[in-house]
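Undergrad: Quick one: this structure, given as structure tokens, is what I'll be asking you about.
Laboratory data are not the source of any read-out in this text; all were calculated from the coordinates shown. The structure presented is a predicted model; accordingly, all values stated were derived computationally and were not measured. No Cβ is skipped: glycine too gets one built from the backbone with ideal geometry, and neighbour counts run over all protein chains shown.
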Number of protein chains: 2
Amino acid sequence: MDDPEYRAGIIDLLGALAVGELTAFQRLAADAELAPTRADQAALAGMAVAEFHHFEQIRDRLTELGVALDDAMTPFHEPYVAFHANTAPSNWLEGLVKAYVGDQIATDFYREIAATVDDDTRALVNDVLAEAGHADFVVDRVRAAIDEDPSVAGRLALWGRRLVGEALAQAQRVAADRDALTAIIVGAPGRPGMDLAELGQVLSRLTENHAQRMAKLGLSS
Amino acid sequence: MDDPEYRAGIIDLLGALAVGELTAFQRLAADAELAPTRADQAALAGMAVAEFHHFEQIRDRLTELGVALDDAMTPFHEPYVAFHANTAPSNWLEGLVKAYVGDQIATDFYREIAATVDDDTRALVNDVLAEAGHADFVVDRVRAAIDEDPSVAGRLALWGRRLVGEALAQAQRVAADRDALTAIIVGAPGRPGMDLAELGQVLSRLTENHAQRMAKLGLSS
């Protein structure tokens, strides 16, 4: 943390995570209103609340570091707002798939970044990203819907591809804009990072994990 | 709880509270997106999350009583949806006033009802309605906005009156529809309730408390 560029990168990482958790809270809460029953609504609202508590952990760390919340979050607000605006679910099932697939691909991505940072930051990131245990609920509801009407699967598979495409587009936008954050991943003079081969492996792991999750939902990827 | 009509009334009370807390969660979460800063957004989102945790306590009690969540909640879904549809804030300050005034008038109302029920139910209701301590945040923001532009006060005072009017309209609709719930308040054969004079006192206390809260915000009522 004595290296100003490294510190800037970590604050970027925490700021991006904070925006991710807070916007995920907002979107899951909104999508919960699409639920067919109050029990389902409460289940998705519970996923939103779990994201908010993750956000609170990151907010506390930013406060410890003496960084104002808005300073850390503002650079990442627009890309996340754009992601969610471009992937607003039009029905309950799309909302469920997004809650599961969208959240998990972001989790995988931040975990990969966390591998390259100091122990304290890594512990916080992994703690914040710990599986909230709601995935079973989503898998159960999506598989039941496909059993009832198999034509649903094709539309939801397309939807899953759109989610990943949008996520990658926004991630690239952030990487291009935020040099300090990119340097956390690829390194900087005197601080080694991932080389091209390792970056390629990260991308294959992300893709592989995404395909496995889609398969678990009964969807092709 | 051995009296089936009393039991039905308590389940109605818990169902209405559950809907109130879950819809408050939804609306506060949505209104948080109107916030001018991420810190403000997080503060209102935190109020939403507090409502969700209250909801969870009621859900647990309904489960203990062997009542399905949707059975208890469905009768009260529409009036709450109507209330929120008719009082959607058009800006951040309206959202703040609604979060504070709307939540507190509902709290007062349920506390008055709780005075007439068994000890266990009363303890749960009072626990769920306990001040979440976010009021200072709202008072601070609203007073600062009025200091900056005094013309805001007139519009927000009107808004406060509209919130109360809508709340009363929906409460009357529920009272007319749900005999068992009404009997919790006004009594039933063999089970005394409030008489007309006591009901009048309840209404004056609700009005009085509302006026005090509006004054605290710097608004006439």
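Undergrad: I need A:THR63, A:THR116, B:THR182, A:THR37 ordered by Cβ neighbour count within 10 Å, fewest first. Display every interim value, and only then the final one.
TA: Values: A:THR63 11, A:THR116 20, B:THR182 17, A:THR37 14.
The order, fewest Cβ neighbours first, is A:THR63, A:THR37, B:THR182, A:THR116.
Undergrad: Using a Cα-Cα cut-off of under 19 Å, which lysines could be cross-linked to B:LYS98, ignoring same-chain neighbours fewer than 8 residues away?
TA: Cross-link targets: B:LYS216.
Undergrad: Which residue is it, in chain A, that holds its beta carbon closest to the axis of the A-onto-B rotation, and how many whole angstrom away?
TA: Closest to the axis: A:ALA29, 2.
Undergrad: Considering every Cα-Cα pair within the range B:4-216, what fraction, in whole percent, is farther apart than 24 Å?
TA: Values: 9468 of 22578 pairs.
Everything past 24 Å amounts to 42 percent.
Undergrad: By how many degrees, between 0 and 90 and to the nearest 10, does the Cα long axis of helix A:152-177 differ from the longest principal axis of chain A?
TA: So the helix axis and the longest Cα principal axis differ by about 10 degrees.
Undergrad: What angle, in degrees between 0 and 90 and rounded to the nearest 10, separates the Cα long axis of helix A:196-216 from the longest principal axis of the Cα atoms of chain A?
TA: Computed tilt is about 20 degrees.
Undergrad: Size of the dipole of the protein assembly as shown about the Cα centre, Lys and Arg at +1 and Asp and Glu at -1 on the beta carbon, nothing else charged, in debye to 20? Intermediate results must be reported in sequence, preceding the final value.
TA: On the way: 38 positive and 70 negative charges, 202 e Å.
The dipole of the protein assembly as shown has a size of about 960 debye.
Undergrad: For the range A:113-221, take N as its residue count and report Rg(C-alpha) divided by 2.2 N^0.38 Å. Intermediate results must be reported in sequence, preceding the final value.
TA: Values: Rg = 17.5 Å, N = 109, 2.2 N^0.38 = 13.1 Å.
Taking N as the residue count of the range A:113-221, the ratio is 1.34.
Undergrad: Tell me the mean residue ellipticity at 222 nm calculated for chain A from its helices only (DSSP H runs of n ≥ 4, each -39500 (n - 2.57), averaged over every residue, nearest 500).
TA: Helix-only estimate at 222 nm: -26000 deg cm²/dmol.
Undergrad: For B:GLY187, place a label point 7 Å from Cα along the Cα-to-Cβ direction in every copy; what are the distances to the other copies, in nm, shortest first?
TA: 8.4
Undergrad: Now for a different question. So how many Å³ per residue does the convex hull of the Cα atoms of the protein assembly as shown work out to?
TA: Values: hull volume 66.9 nm³, N = 442.
So the per-residue Cα hull volume is 151 Å³.
Undergrad: Which shape class, rounded, prolate or oblate, goes with the range B:104-176 when its Cα gyration tensor gives a ≥ b ≥ c as root eigenvalues, a/c under 1.5 marks rounded, and past that a/b bigger than b/c marks prolate?
TA: On the way: a/c = 5.36, a/b = 1.67, b/c = 3.21.
Oblate.
Undergrad: Right, another one. In debye, nearest 20, what is the charge dipole magnitude of chain B about its Cα centre with +1 on Lys and Arg Cβ and -1 on Asp and Glu Cβ, if you could check? Don't skip to the answer; put the middle values down first.
TA: Working: 19 positive and 35 negative charges, 150 e Å.
I would put it at about 720 debye.
Undergrad: Kindly put A:LEU203, B:LEU34 in sequence by how many other C-beta atoms sit within 10 Å of each C-beta, fewest to most. Could you put the intermediate results ahead of the total?
TA: Working: A:LEU203 13, B:LEU34 17.
Result, fewest neighbours first: A:LEU203, B:LEU34.
Undergrad: Next question. I need the inter-copy label distances for A:MET1: point set 7 Å along Cα to C-beta, values in nm with one decimal, smallest first.
TA: In ascending order, 5.0 nm.
Undergrad: Select from A:ILE105, A:LEU69, A:GLY15 the residue farthest towards the positive end of the dipole of the range A:4-216; place +1 on Cβ of Lys and Arg, -1 on Cβ of Asp and Glu, and compute about the Cα centre.
TA: Sorting the options by dipole projection puts first A:ILE105.
Undergrad: Could you please rank A:GLU94, B:GLU148, placing first whichever residue has the fewest other Cβ atoms within 10 Å of its Cβ? Don't skip to the end; give the middle numbers.
TA: Numbers: A:GLU94 20, B:GLU148 8.
Fewest to most other Cβ atoms nearby, the residues stand as B:GLU148, A:GLU94.
Undergrad: What size of dipole, in debye to the nearest 20, comes out for the range A:46-87 about its Cα centre when the only charges are +1 on Lys and Arg C-beta atoms and -1 on Asp and Glu C-beta atoms? Show your work: numbers first, answer last.
TA: Values: 2 positive and 7 negative charges, 20 e Å.
It works out to roughly 100 debye.
Undergrad: In nm, give the distance between the simple-model label positions of A:LYS216 and A:ALA85, each being 7 Å from the Cα along the Cα-to-Cβ direction.
TA: Inter-label distance under the simple model: 3.2 nm.
Undergrad: Rank A:PRO150, A:SER90, A:ALA115 by how far each Cα sits towards the positive end of the charge dipole of the range A:72-153 (+1 on Lys, Arg Cβ; -1 on Asp, Glu Cβ) and give me just the farthest.
TA: Farthest towards the positive pole: A:SER90.
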